[in-house]
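A.B. asks: Attaching a single structure in structure tokens format; questions to follow.
The values are calculated or read from the model by the stated rules, or taken from the named source; none is laboratory data. Every value quoted in this text rests on a predicted model; they were computed, and no experiment measured them. We place every Cβ from the backbone using ideal geometry, glycine too, and count neighbours over all the protein chains shown.
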Amino acid sequence: MRAPTPPRSLPFALVESGAKGLRLSALNQAARNFGLMRGQRLADARAAVPDLLTEQHEADKDVTSLLGLCRWMERYSPWVAPDGRDGILLDVTGIPHLFGGEAAMQKDIQNKLMAYGFSSRLNLAETIGAAWALARYAPTLTPANAESLKSLPIEALRIDTNAARTLRRLGLKTIGSLLSLPRSSLARRFRGESIDENVLVRLDELQGYRHEPLNAINPPSSFMAHRTLMEPVITHEGLQAILSALTQNLCHDLAAKQQGALRLILKLFRSDGSRTQLPAGLSAPSHDAGHILRLLTPKLDSLDAGFGIDAMTLEARETATMAERQYGFADDVKSHSPQQSLAQLNDRVMNRQDQTLMQLQAVKSHVPERAEVAAGFNEAAQAALTYATQNQRPLLVFEHPEPAAVIAAVPDGPPMRLTWRRVTRRIVKSQGPERIAPEWWKLATGERPRDYYAIEDDQGRRYWLYRDGLYSEENATPPKWFVHGLSA
Amino acid sequence: MRNHPMPIMAAAGPGIFAPGLCLLPHETEEDHQDERQRARLLVARLRDHIARIEGRIEGPIEGRGGKQQTPIFSRSDRRAGPRWCFGLEAIDRNLPETGLARAGLHDISPHKYGDTPAAMAFALALAHGRLQVTGEKRPLLWCRIETEVREHGNLYGHGLETLGLSRQRFLTVTLKKPVSLYWAMEEALKSGCLAAVIGDAAPQHETLTTTRRLSLAAAQGKSAGLLVFIRNYNGATSSTSRWQVATAPSQAPPLDGKSPGPPSWHLILSRIRSGKPGQWTVNWQKHHATHHFTLAPGLSGGALYPGTPEIAGPHPTPEPALRAG
């Protein structure tokens, strides 16, 4: 994914084309040491540093890469959101103790990011605004208290450059100086339409007087089991053991709340920072650990573990209430009702072979191919419509009727000789015609009336064929014959 | 356990422990009597043992090392309801005492390419019988293979209803590869939630191992497995019965000489465990409410397999394909 990066010691910059030619959009430390700045024109930068290496900035790739990093961050917190084009927000409420405290967690994130080649700044605060400000304008591990916030520059308020410039012109250079002003005067001066211009709103958000939502990319499910591993695991057996433990935990939680999983996602975090996920669907809610494990385990076979998996999360994305079931005295604890085990069979087939058990459902229509639909086994169970035709129907029906050549004694008489699939058969018995007219109330154009015959050849094999169109029709092409089905 | 000592042990006992003690110089008449008595007892016990294995009489079966063996035909097979058979004396005579194995595997192959729809219908007719077993509430599943669907078409629910099968008790699934099909069939049989599982079988993928797996799964889930072969197949499988189906010209209904009558099939039962092979020409009375088989008149006498005492008329030449089960 990554292109060969130039050595860190050489000045390097990404450029993007703006209104007035190419401008620098990002630079490395070496370039910054030469005094280059973000937003500078490339021509000016080249004049100052003639051997500046440049590359076109691809903003869309930045976005995908940032989203990838967000997904990776889900190992620390389930509530992660991208912020702007270069930031990530994590809600770590109740989490840091799992990683050995706030400081240790920040250190861990920073070290891991550094290992992947990202330079990062991060900080922790009670509000999104404060965390944003501290991460960008204060050194790492600055405590988020009133003093540290007051000393931050005005730009840390997430306001646009115009608003910041106005404030600086007024001599308000830090947040602290802004806080000492009366609210009413600030409100009068900055009544911008957009939030970036409204200093007061940003100030309230920073202090937590105004709530600001955090929209996670993947809102966490209420039922999930997570495990971080000491060492990356690469073997199938190892992964299976962890998956089994996760499934047990998840099913225990589900059962306690009388819920059953309908859709599951197993997220696997690779040690190189990428993430993969294995989805599984269920046709009926279930919290049977054995069944869920049987659905997920085969999927591990085709898994690319990379250099090893070092964290796993099993989430129940969709759940439904499950009635508690009373088992009889004679029943084995594990025994299921036939309907339940049929649903489990369906799940296994669905997750392994990508096919579902189908039930043939009758539809009120005269046209044979429309008289029936194959419905998924669960939908069919709900709408069991019985509608039987009185006429003889074959056992097998072709999806597309196959053209055939037929010789009949009289033009609209029963067939005498049938050539189908390049074999000619002599017809000895026939029943028909059964005329099926097109359904004019459906706006299907070009359909013609059909005459169906059930025929038997001299060897006792049976076919169901029709003549498409009538000889009596005026200005029409002559009727054609089709084999529509086979019968026993 | 004590009441039924293992016959082999009974025979071996004196041989192992006696020699040191029996140091008689010559045999006496009494000894001869004893020997005969023992031999008779041994034969009787062996017969009893075999009968237990075959499930003809009830009782525990002792295997090697004092372990209990399961009978080939599970006892529940005989207890629940009537036997799975055709309701046609001529055929049922050749089936084992317990009827067709309700938790076993059965092969059905068409005689020629064009007989496949007939083989499929026969499989459904057999499965229909399986569904009629009293107390059976489970549905039927047909695992189809994509190439077969293109070749012979989709199963049609209205057609199934004319065959007497309710569409509520019929499920189908179409799979892409034969390997997936065997996997699905095995899972379905093992799950125990289906009365019978029918599958389109491709002979080139059919091995003794796959069919053995299927028959073990069938025994585990107490459901019947039916393999409908795409073409005529004579290789080794671990099925309890093997049928071959060919179409025969049907007899026109009495009032309409020109229209096809009930389907007529020539059936060859070429292998059956604990039964006798045979061949018959039957009519499937699918339009009757009972959906039963009848022997095709005029042909039935001659078409019966030789060896049944009731036969009058010329014996048909046994086909080379026939093998004793």
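A.B. asks: Provide a single number: the residues in the range B:166-182 that are more than 8 Å from chain A (Cβ to nearest Cβ) and within 15 Å of B:Arg213 (Cα to Cα). Outline the logic, then answer.
C.D. replies: Step one: filter the range B:166-182 for residues more than 8 Å from chain A (Cβ to nearest Cβ), giving B:166, B:169, B:177-179, B:181-182.
Next cut, within 15 Å of B:Arg213 (Cα to Cα) only: B:178-179, B:181-182.
Looking only at that region, the number is 4.
A.B. asks: When the residues of the range A:445-470 are narrowed to those that are touching a Lys or Arg at 6+ places or on another chain (Cβ under 7 Å) and more than 13 Å from chain B (Cβ to nearest Cβ), which ends up farthest from A:Pro414 (Cα to Cα)?
C.D. replies: Only one residue fits best here, namely A:Pro449.
A.B. asks: May I ask you to verify whether B:Glu136 is more than 25 Å from A:Ala371 (Cα to Cα) and either at the interface with chain A (Cβ under 7 Å from one of its Cβ atoms) or acidic (Asp, Glu) (or both)?
C.D. replies: Considered against the rule, which asks whether it is more than 25 Å from A:Ala371 (Cα to Cα) and either at the interface with chain A (Cβ under 7 Å from one of its Cβ atoms) or acidic (Asp, Glu) (or both), B:Glu136 comes out as yes.
A.B. asks: Only one of B:Val173, B:Val149 is surrounded by fewer than 20 Cβ atoms within 10 Å (Cβ to Cβ) and among the β-branched types (Val, Ile, Thr). Can you tell me which?
C.D. replies: Answer to the selection: B:Val149.
A.B. asks: If we only count strands (runs of 3 or more DSSP E) wholly inside the range A:1-112, which ones have 1 or more residues that are surrounded by 18 or more Cβ atoms within 10 Å (Cβ to Cβ), in contact (Cβ under 8 Å) with a residue 60 or more places away in the chain and out of contact with any helix residue (DSSP H, G or I) (no Cβ under 9 Å at 6 or more places or on another chain)?
C.D. replies: Answer list for the range A:1-112: A:79-83.
A.B. asks: For A:Ala476, only one of the following conditions fails: (1) touching a Gly at 6+ places or on another chain (Cβ under 8 Å); (2) closer than 28 Å to B:Trp265 by Cβ; (3) at pLDDT below 85. What is its number?
C.D. replies: (2)
A.B. asks: Which condition does B:Arg231 not pass, out of (1) more than 14 Å from every other protein chain (Cβ to nearest Cβ); (2) within 26 Å of B:Gly99 (Cβ to Cβ); (3) of a type in the set (Lys, Arg); (4) surrounded by fewer than 21 Cβ atoms within 10 Å (Cβ to Cβ), if it passes all the others?
C.D. replies: (2)
A.B. asks: Next up: Just to verify a result, which residue in the range A:283-295, among those that are modelled with pLDDT of 90 or more and in contact with a helix residue (DSSP H, G or I) (Cβ under 6 Å, 6 or more places away or on another chain), is surrounded by the most Cβ atoms within 10 Å (Cβ to Cβ)?
C.D. replies: Taking the candidates together, the pick is A:Ile292.
A.B. asks: Looking only at the range A:392-412, which residues are at pLDDT below 90 and either surrounded by 13 or more Cβ atoms within 10 Å (Cβ to Cβ) or of a type in the set (Ser, Thr, Tyr) (or both)?
C.D. replies: The answer is A:Gln392, A:Arg393.
A.B. asks: Could you please tell me which pairs satisfy a Cβ distance under 6 Å, a separation of 6+ or placement on different chains, a first residue in the range A:352-371 that is within 8 Å of chain B (Cβ to nearest Cβ) and surrounded by 14 or more Cβ atoms within 10 Å (Cβ to Cβ), and a second residue that is at pLDDT below 90 and in a loop (DSSP other than H, G, I, E, B)?
C.D. replies: From the range A:352-371, the pairs are A:Ala362/A:Leu385; A:Ala362/A:Tyr387; A:Ala371/A:Val363; A:Ala371/A:Ser365.
A.B. asks: Now for a different question. Picking from A:Thr235, A:Thr247, which residue would you name as being farther than 30 Å from A:Ala320 by Cα and at pLDDT 90 or above?
C.D. replies: Residue meeting the stated conditions: A:Thr235.
A.B. asks: Name the single residue, out of those in the range A:471-488 being part of a strand (DSSP E or B) and of a type in the set (A, V, I, L, M), that is nearest to the other protein chains (Cβ to nearest Cβ).
C.D. replies: Among those residues, the one meeting the criterion is A:Leu486.
A.B. asks: Looking only at residues in the range A:403-416 that are part of a loop (DSSP other than H, G, I, E, B) and more than 14 Å from every other protein chain (Cβ to nearest Cβ), which one is farthest from A:Gly469 (Cα to Cα)?
C.D. replies: The residue in question is A:Val410.
A.B. asks: Kindly indicate whether A:Ala144 is modelled with pLDDT of 90 or more, surrounded by 16 or more Cβ atoms within 10 Å (Cβ to Cβ) and of a type in the set (Gly, Ala, Ser).
C.D. replies: no
A.B. asks: Another question, then. Which of the numbered conditions does B:Met185 fail, given that it passes all the others? Conditions: (1) surrounded by fewer than 24 Cβ atoms within 10 Å (Cβ to Cβ); (2) within 22 Å of B:Gln204 (Cβ to Cβ); (3) more than 10 Å from chain A (Cβ to nearest Cβ).
C.D. replies: (1)
A.B. asks: Now for a separate question. Can B:Thr209 be described as β-branched (Val, Ile, Thr) and without any contact (Cβ under 8 Å) to a residue 24 or more places away in the chain?
C.D. replies: Yes.
A.B. asks: Enumerate the helices (runs of 4 or more DSSP H) found wholly within the range B:147-261, keeping only those where 1 or more residues are modelled with pLDDT of 90 or more and of a type in the set (Phe, Trp, Tyr).
C.D. replies: Values: elements: B:157-162, B:178-191, B:208-221.
Because the criterion is at least 1 residues that are modelled with pLDDT of 90 or more and of a type in the set (Phe, Trp, Tyr), the helices (runs of 4 or more DSSP H) in the range B:147-261 that meet it are B:178-191.
A.B. asks: Related question: Given the range A:182-258, what helices (runs of 4 or more DSSP H) lie entirely inside it while holding 2 or more residues that are over 23 Å from A:Gly129 (Cα atoms) and either free of Cβ contacts under 8 Å to residues at least 60 places away in the same chain or in contact with a helix residue (DSSP H, G or I) (Cβ under 9 Å, 6 or more places away or on another chain) (or both)? Let's see the steps before the verdict.
C.D. replies: Details: elements: A:183-189, A:199-207, A:236-256.
In the range A:182-258, the matching helices (runs of 4 or more DSSP H) lie at A:236-256.
A.B. asks: If you go through the range B:188-205 one residue at a time, how many are touching an Asp or Glu at 6+ places or on another chain (Cβ under 9 Å) and more than 14 Å from every other protein chain (Cβ to nearest Cβ)?
C.D. replies: So the answer is 2.
Yes or no, residue by residue, for (1) modelled with pLDDT under 90; (2) of a type in the set (Gly, Ala, Ser):
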site	(1), (2)
A:Ala381	yes, yes
A:Gln390	yes, no
A:Pro414	no, no
A:Lys429	no, no
A:Gly432	yes, yes
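A.B. asks: Scan (1) within 12 Å of chain B (Cβ to nearest Cβ); (2) in a loop (DSSP other than H, G, I, E, B) for the single condition A:His400 breaks and write down its number.
C.D. replies: So A:His400 meets the others, but not (2).
A.B. asks: Taking the range B:259-279, which residues are more than 16 Å from the chain's Cα centre (by Cα) and either crowded, with 22+ Cβ neighbours inside 10 Å or in contact (Cβ under 8 Å) with a residue 12 or more places away in the chain (or both)?
C.D. replies: B:Pro260, B:Gly261, B:Pro262, B:Pro263, B:Ser264, B:Trp265, B:His266 - these are the residues of the range B:259-279 that are more than 16 Å from the chain's Cα centre (by Cα) and either crowded, with 22+ Cβ neighbours inside 10 Å or in contact (Cβ under 8 Å) with a residue 12 or more places away in the chain (or both).
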